[in-house]
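The values are calculated or read from the model by the stated rules, or taken from the named source; none is laboratory data. Just so you know, these numbers come straight off a predicted model, no measurement behind them. Neighbour counts are summed over all protein chains in view; Cβ atoms, including those assigned to glycine, are modelled from backbone coordinates with ideal geometry.
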Number of protein chains: 2
Amino acid sequence: MYFETIREMKKMLGQLDKWLEAAASHAQSKSFDPNVFVGLRLAPDQFPFSRQVQSACDTLKLGVSRLSAREAPSHPDTEQTLEELRQRVKTTLAYVDGFRAKDFESAATRVIQQARWEGKVMSGADYFLEHMLPNFFFHVTHAYAILRHNGVNLGKRDYLGTLTLRSP
Amino acid sequence: MYFETIREMKKMLGQLDKWLEAAASHAQSKSFDPNVFVGLRLAPDQFPFSRQVQSACDTLKLGVSRLSAREAPSHPDTEQTLEELRQRVKTTLAYVDGFRAKDFESAATRVIQQARWEGKVMSGADYFLEHMLPNFFFHVTHAYAILRHNGVNLGKRDYLGTLTLRSP
């Protein structure tokens, strides 16, 4: 189910792109600089909006790379406008589009390392569930919450996106 | 992987319980009524803190019930204190503790219905990935964000909880 969950994460980044568009429209309708959003935070010691978007992108990018033992491309965190953040989302999605279900066949047993773990490692299975999944939704939801807190007109349907509903 | 992901969701509710405890301690140290937190919101047209906690609990409770074709117990949304919200989390966890991996063997192909879908249905697989998973993290993260926004001293480690790190 790695690939299926990653597909849902891709969908969420697609939703995030729509929120970025909604934020720009909101700013335009209120005649303020849309790039004010980039620096907004919910708490002074939390990441600003830009970093929430960058972290959501990187959590997915690094996750798929580590779980398939590929080298991830480097994306420096230099975005300063909503348009640049939209481009970051697009670049991330284009990269993740290159992965197929078979790339994750050995994901569960891969050994995942991070400098901050001071020599310890996680299995791919544990990393995916305990780290990648909650972190991804943490940053996506914080991006959403920052926009909602600052007046952008979004609702649960914008968060979830289109559901695969069918006739019974 | 349904059961494994549900286990991670249970862990997240356990973390949420710790945030509730941290909120109560913060209020005590600042000498204000801890139950003020219950009504706080990030936006006037978003759910208050209490409803974020209740929704996180219900997303998990209803999700495991629907995916295993069991009837979910009813938990009326009457909590008005942090202590009552902690009890709601405990009640939910006790219920979900009763499920085993085998309860989800047919989860992917179950037909999931909700009144709001106006006669349409989702497969269990789609419901789990497109609805239960993002909704659960939406409400858990909003609960966290409301507390952070209002000065409770939490960080990413409190969000993620203990990782299953091991020696290489």
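Among the residues making up segment B:136-160, those that are under 28 Å from A:MET122 (Cα atoms), surrounded by 15 or more Cβ atoms within 10 Å (Cβ to Cβ) and more than 7 Å from chain A (Cβ to nearest Cβ) are B:PHE136, B:HIS139, B:VAL140, B:ALA143, B:TYR144, B:LEU154, B:ASP158.
Kindly indicate whether any position in segment A:1-16 is surrounded by fewer than 21 Cβ atoms within 10 Å (Cβ to Cβ), more than 12 Å from the chain's Cα centre (by Cα) and within 13 Å of A:VAL152 (Cα to Cα). No, segment A:1-16 contains no residue that is surrounded by fewer than 21 Cβ atoms within 10 Å (Cβ to Cβ), more than 12 Å from the chain's Cα centre (by Cα) and within 13 Å of A:VAL152 (Cα to Cα). Hey, among the residues in segment A:38-97 that are in contact with a Phe, Trp or Tyr (Cβ under 9 Å, 6 or more places away or on another chain), part of a loop (DSSP other than H, G, I, E, B) and among the small types (Gly, Ala, Ser), which one's surrounded by the fewest Cβ atoms within 10 Å (Cβ to Cβ)? Going through the qualifying residues, I end up with A:ALA72. Residues that are away from every other protein chain (no Cβ under 14 Å) and polar (S, T, N, Q) within segment A:51-70 comprise A:GLN54, A:SER65, A:SER68, listed in sequence order.
To keep it simple, each residue is scored yes or no on (1) on the phi > 0 side of the Ramachandran plot; (2) touching a residue at least 60 places away in the same chain (Cβ under 8 Å); (3) away from every other protein chain (no Cβ under 14 Å).
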| site | (1), (2), (3) |
| --- | --- |
| A:TRP19 | no, yes, no |
| A:PHE32 | no, no, yes |
| A:VAL36 | no, no, yes |
| A:PHE49 | no, yes, no |
| A:ALA72 | no, no, yes |
| A:GLN113 | no, no, no |
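Taking the condition loosely packed, with under 15 Cβ neighbours inside 10 Å, out of contact with any Leu (no Cβ under 7 Å at 6 or more places or on another chain), away from chain A (no Cβ under 13 Å) and not hydrophobic (A, V, I, L, M, F, W, C), does B:ARG100 pass? So B:ARG100 passes the test. When A:ALA24, A:ALA43 are checked against the criterion of being in contact (Cβ under 8 Å) with a residue 24 or more places away in the chain and of a type outside the set (Lys, Arg), A:ALA24 stands alone in meeting it.
In segment A:118-129, the qualifying residues are those that are more than 23 Å from A:GLY14 (Cα to Cα) and at pLDDT 95 or above, and the one that is nearest to the chain's Cα centre (by Cα) is A:TYR127. Only residues that are acidic (Asp, Glu) and assigned to a helix (DSSP H, G or I): list them for segment B:9-37, please. B:ASP17, B:GLU21, listed by residue number.
When B:ARG88 is tested against the conditions (1) within 27 Å of B:VAL152 (Cβ to Cβ); (2) out of contact with any His (no Cβ under 7 Å at 6 or more places or on another chain); (3) of a type outside the set (Asp, Glu), the lone failure is (2).
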